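To start, the structure under review is shown below, and the notes come after it.
The values are calculated or read from the model by the stated rules, or taken from the named source; none is laboratory data. Values in this document were obtained by computation on a predicted structure and should not be read as measured data. Counting neighbours? That spans all protein chains shown, and the Cβs are built from the backbone with ideal geometry, glycine included.
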Amino acid sequence: MDFVKWATNPWGQSVPIHIAWFLIWVAVIAGLLFLIVHATYVRYFAKPKEFARDASSEVSARLPKHVPRHSLVARLFHWIMAASMFTLLFTAFLPRVGIQFPWVTYHWIAGAVLTVSILFHVIHASFWLDFWSIWPDKTDLEDAWKRVRRFVGMSAPPPRKFAKYPLENKLFHGVVILCGLSVILTGVFMMFRVRTIFFPRNPYLFSDMTWGLMYVLHGLAGVGLIALVMMHVYFGLRPEKRAITKSMIFGWMDRDFYLKEHDPERWVVETSSSSSTSNRVEGQGLTDAG
Ligand code: HEM
């Protein structure tokens with residue numbers, strides 16, 4: 001069983017040309033298996049979540065009814081990226097499973113949209129959003145250890161509530177970065193192999209071997225994204241995550257959901273009465289509006 005398709009170039013060298021397309025089905029089946037195992041676990045085996053402590057009633061009282069979560073710009077980015085990602089997946093893989101259409105033009109256009117939207121996202125997240133909120137911190141790791149111990153029946157205190165993003169979301173984001181950057185970097189070079197509006201076609205930019213490896217990396221990261229997107233959509237549709245999905249449409253989540261899952265000390269929220277930093281809810285009633 002070969003994971004890569006090989007061909008012989010005019011100089012008689014054996015070079016990789018792309019991934020073996022059965023890997024598409026491997027990714028789809030892996031994605032489906034994950035969904036089935038997770039859904040079964042949640043339905044029949046998972047115990048109710050337990051967290052270390054609740055926010056004080058003073059903190060709860062000062063929170064707005066609708067806790068802001070995603071700005072309009074962040075939401076627009078998310079949905080533009082999602083549309084380009086689906087277009088890329090369908091244009092790339094439908095022709096490989098027998099649905100033929102002239103896919104290349106739609107594919108590179110969606111690729112260009114994804115590339116620009118990700119460049120925008122990196123700048124926006126670095127300078128306007130809380131850059132560190134999506135990276136695991138010390139508390140995440142300590143809590144992960146507690147959660148593992150409790151999962152296997154050992155004694156451990158309950159973990160703290162989450163910051164803006166739980167560890168699982170942060171790890172998912174990290175894997176998406178790896179696959180996303182792989183398809184983008186290789187995809188930009190692969191645009192030299194086809195006719196686009198950006199630069200003249202130049203299939204001689206790299207050796208056959210380098211091109212081949214680039215196509216293989218593009219394909220591997222691409223099939224990885226099939227499974228990742230399936231998982232992401234599945235979680236977005238799960239009933240207990242609906243408040244989070246709703247926040248990606250309307251920008252806010254209910255105060256009750258925020259208090260149930262999030263720690264106001266770890267995810268600091270502006271109160272409704274003021275947007276100044278002196279009037280933010282910082283955990284156990286640390287700040288008082290001046
Ligand atoms: C979800 C993301 C993506 C997936 C799943 C994906 C998948 C694929 C696949 C499977 C192919 C066929 C390659 C082959 O025959 O070996 C392909 C070709 C191509 N991709 Fe992507 N891709 C993605 C993102 C991108 C991006 C971001 C760009 C541009 C920046 C891009 C540009 C291209 C180009 C130009 C080709 C055509 C190459 C040719 O026919 O010679 N792709 N893509």
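Quick check on this structure: which one of Phe22, Phe45 is farther than 30 Å from Gly153 by Cα and either touching a Cys at 6+ places or on another chain (Cβ under 7 Å) or hydrophobic (A, V, I, L, M, F, W, C) (or both)? Working first, answer last.
Working: Phe45 fails: farther than 30 Å from Gly153 by Cα.
Among Phe22, Phe45, only Phe22 is farther than 30 Å from Gly153 by Cα and either touching a Cys at 6+ places or on another chain (Cβ under 7 Å) or hydrophobic (A, V, I, L, M, F, W, C) (or both).
Being near the ligand (Cβ under 10 Å from one of its atoms) and either within 25 Å of Val28 (Cα to Cα) or not in a loop (DSSP other than H, G, I, E, B) (or both): is that true of Ala144 here?
Working: near the ligand (Cβ under 10 Å from one of its atoms): no; either within 25 Å of Val28 (Cα to Cα) or not in a loop (DSSP other than H, G, I, E, B) (or both): yes.
No: the conditions fail for Ala144.
Regarding the stretch 40-60, can at least one residue be identified that is away from the ligand (no atom under 16 Å from the Cβ), under 18 Å from the mean Cα position of the chain (by Cα) and modelled with pLDDT of 95 or more? Give the derivation first.
So the first thing to find is which residues in the stretch 40-60 are away from the ligand (no atom under 16 Å from the Cβ), and the list is 40-60.
The next check asks that each one be under 18 Å from the mean Cα position of the chain (by Cα); those that pass are none.
Looking for residues that are away from the ligand (no atom under 16 Å from the Cβ), under 18 Å from the mean Cα position of the chain (by Cα) and modelled with pLDDT of 95 or more, one finds none in the stretch 40-60, hence no.
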Practice problem: Restrict the check to the stretch 186-196 and report whether at least one residue is in contact with a Pro (Cβ under 9 Å, 6 or more places away or on another chain), farther than 22 Å from Leu89 by Cβ and of a type outside the set (Val, Ile, Thr). | Solution: yes
Quiz item: Pick from the stretch 181-208 the residues that are in contact (Cβ under 8 Å) with a residue 24 or more places away in the chain and within 6 Å of the ligand (Cβ to nearest atom): which of them is surrounded by the most Cβ atoms within 10 Å (Cβ to Cβ)?
Solution: Val183
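Determine which member of the set Ile134, Ile177 is within 16 Å of the ligand (Cβ to nearest atom), of a type in the set (Val, Ile, Thr) and closer than 29 Å to Lys49 by Cβ.
On the way: Ile134 fails: within 16 Å of the ligand (Cβ to nearest atom).
Criteria check complete, one pass: Ile177.
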Practice problem: Inspect all residues belonging to the stretch 214-227 and state whether any of them is of a type in the set (Ser, Thr, Tyr), at pLDDT 95 or above and surrounded by fewer than 17 Cβ atoms within 10 Å (Cβ to Cβ). | Solution: no
Practice problem: Would you mind stating whether Leu23 is more than 16 Å from the ligand (Cβ to nearest atom) and touching a Phe, Trp or Tyr at 6+ places or on another chain (Cβ under 7 Å)? | Solution: no
Exercise. Working only within the stretch 147-180, note down all residues that are out of contact with any Phe, Trp or Tyr (no Cβ under 9 Å at 6 or more places or on another chain) and not in a helix (DSSP H, G or I).
Key: Val152, Gly153, Met154, Ser155, Pro157, Pro166
Quiz item: For the stretch 85-141, how many residues meet the condition of being farther than 23 Å from Val229 by Cα and of a type in the set (A, V, I, L, M)?
Solution: 3
Quiz item: Is the stretch 62-76 home to any residue that is surrounded by 16 or more Cβ atoms within 10 Å (Cβ to Cβ), within 14 Å of the ligand (Cβ to nearest atom) and at pLDDT 95 or above?
Solution: no
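Return yes or no: is Ile80 buried (at least 16 other Cβ atoms within 10 Å of the Cβ) and within 14 Å of the ligand (Cβ to nearest atom)? Even if it seems obvious, please write down each step before you answer.
Working: buried (at least 16 other Cβ atoms within 10 Å of the Cβ): yes; within 14 Å of the ligand (Cβ to nearest atom): yes.
So Ile80 passes the test.
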Quiz prompt | Filtered residue count, the stretch 165-180, keeping only those that are free of Cβ contacts under 8 Å to residues at least 40 places away in the same chain and closer than 19 Å to His218 by Cα | solution = 3
Practice problem: Return the pairs, sorted by first residue and then second, in which the second residue is near the ligand (Cβ under 9 Å from one of its atoms), the first residue lies in the stretch 91-107 and is without any contact (Cβ under 8 Å) to a residue 12 or more places away in the chain, the beta carbons are less than 6 Å apart, and the residues are 6+ apart or on different chains. | Solution: Pro95/Trp103
